[in-house]
Amino acid sequence: MKKTFCAIAIAASLFTVSALAQNTRSKGIPTLVKSTGTLKGTFPTGVASLTPPPPCFPTCLFYGGDINSSSPDENGFANENTLLVPDTQVWGAFNVPAGQTWTVDGLFINTIADGYDGIDPTESTWAIASGVSAGNAGTTVASGTSTASGTQFTTTGRFPFGFTEYSLRVRIPATVLSSGTYWVNITPQCTDSGNSSCSVSQYYFDNTFGLNRYGPLEPADEGFFNSGYFGYDYANDCTVSSTGCQALSFGVIGTGTTD
């Protein structure tokens, strides 16, 4: 049986930040929705930024864009392995353009941290997959755990929903990707039983509408949510939440060559 969840909407009836935090910590929720916009299926196609965001260095291949607090569909999806919500992953899609080969040595996601200002242990699991679809995990291209020395958890200066947003960046072994569509997951960890914050913290993979994006346009409506805790098996994000599901805020670091 699916666990009951609530999608929090701040629209006609406004919730205070403290009430939102209380709901999040006591129950765990798969999506954190600011309002009930109707932008599903739409995504900007404008020119990408010429400047990559700070986490996307030394060479940036792709960045989906910042979360936009002025959007009617500001959202985030639970993405974590914590004592509160175990083994819950969101997968974001990106394209390696035709005629190119990418060598990827780093990844990052932008995440809301509710209840704790770090990760414990200070390492994160990560994976790149191909062929992900509804109910299908696809094929793992590369995966691993970034050690403490290869993991960075830094503030972005943005505060979605009144919570602090962080960039979680991992260093990975050089992975060669030919042209095609791939999916990325990085999962924040808070599994230290001696850390009481791990029993109340929740982490959300932020959405985006291409604000300050960099590189190829992110495929729209191709994110997936996988969580036994919430009862979803690689469900398209837009079936989990009908708003704020178009694209996700993450980046790919490395070098690209033309075939």
Of the criteria (1) over 24 Å from residue 169 (Cβ atoms); (2) of a type outside the set (A, V, I, L, M); (3) buried (at least 20 other Cβ atoms within 10 Å of the Cβ), which one residue 188 fails: (1)
Every residue from segment 123-139 that is surrounded by 13 or more Cβ atoms within 10 Å (Cβ to Cβ) and modelled with pLDDT of 95 or more: 124, 125, 126, 127, 128, 129, 130, 131, 132, 137, 138
Residue pairs meeting the criteria (Cβ under 8 Å; at least 6 apart or on separate chains; first more than 12 Å from residue 109 (Cβ to Cβ), in segment 239-259; second in a helix (DSSP H, G or I)): 245/237; 245/238; 246/238
Filtered residues of segment 64-114 (kept if of a type in the set (S, T, N, Q) and assigned to a loop (DSSP other than H, G, I, E, B)): 68, 69, 70, 71, 79
Of all residues making up segment 239-259, the number that are of a type outside the set (Val, Ile, Thr) and modelled with pLDDT under 90: 6
Residue within segment 149-163 that is within 18 Å of residue 74 (Cβ to Cβ), surrounded by fewer than 21 Cβ atoms within 10 Å (Cβ to Cβ) and small (Gly, Ala, Ser) present: yes
Test for residue 102: is it over 18 Å from the mean Cα position of the chain (by Cα), buried (at least 16 other Cβ atoms within 10 Å of the Cβ) and either over 23 Å from residue 214 (Cα atoms) or not basic (Lys, Arg) (or both): yes
Residue within segment 218-233 that is of a type in the set (Asp, Glu), buried (at least 20 other Cβ atoms within 10 Å of the Cβ), in contact with a Gly (Cβ under 9 Å, 6 or more places away or on another chain) and not in a loop (DSSP other than H, G, I, E, B) present: no
Residues of segment 115-136 classified as in a strand (DSSP E or B), closer than 22 Å to residue 178 by Cα and either touching a residue at least 60 places away in the same chain (Cβ under 8 Å) or of a type in the set (Phe, Trp, Tyr) (or both), total: 3
Test: residue 46 is modelled with pLDDT under 95 and within 25 Å of residue 193 (Cα to Cα): no
Residues that are at positive phi and touching a Cys at 6+ places or on another chain (Cβ under 7 Å), drawn from segment 216-240: 221
Condition check for residue 28: in contact with a Pro (Cβ under 9 Å, 6 or more places away or on another chain) and either at pLDDT 60 or above or surrounded by 16 or more Cβ atoms within 10 Å (Cβ to Cβ) (or both): no
Qualifying positions in segment 158-170 - more than 21 Å from residue 91 (Cβ to Cβ) and either out of contact with any strand residue (DSSP E or B) (no Cβ under 8 Å at 6 or more places or on another chain) or in a helix (DSSP H, G or I) (or both): 161, 162
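The values are calculated or read from the model by the stated rules, or taken from the named source; none is laboratory data. None of these values were measured; they are calculated from a predicted model. Note that we place each Cβ from the backbone using ideal geometry, even for glycine, and neighbour counts take in every protein chain shown.
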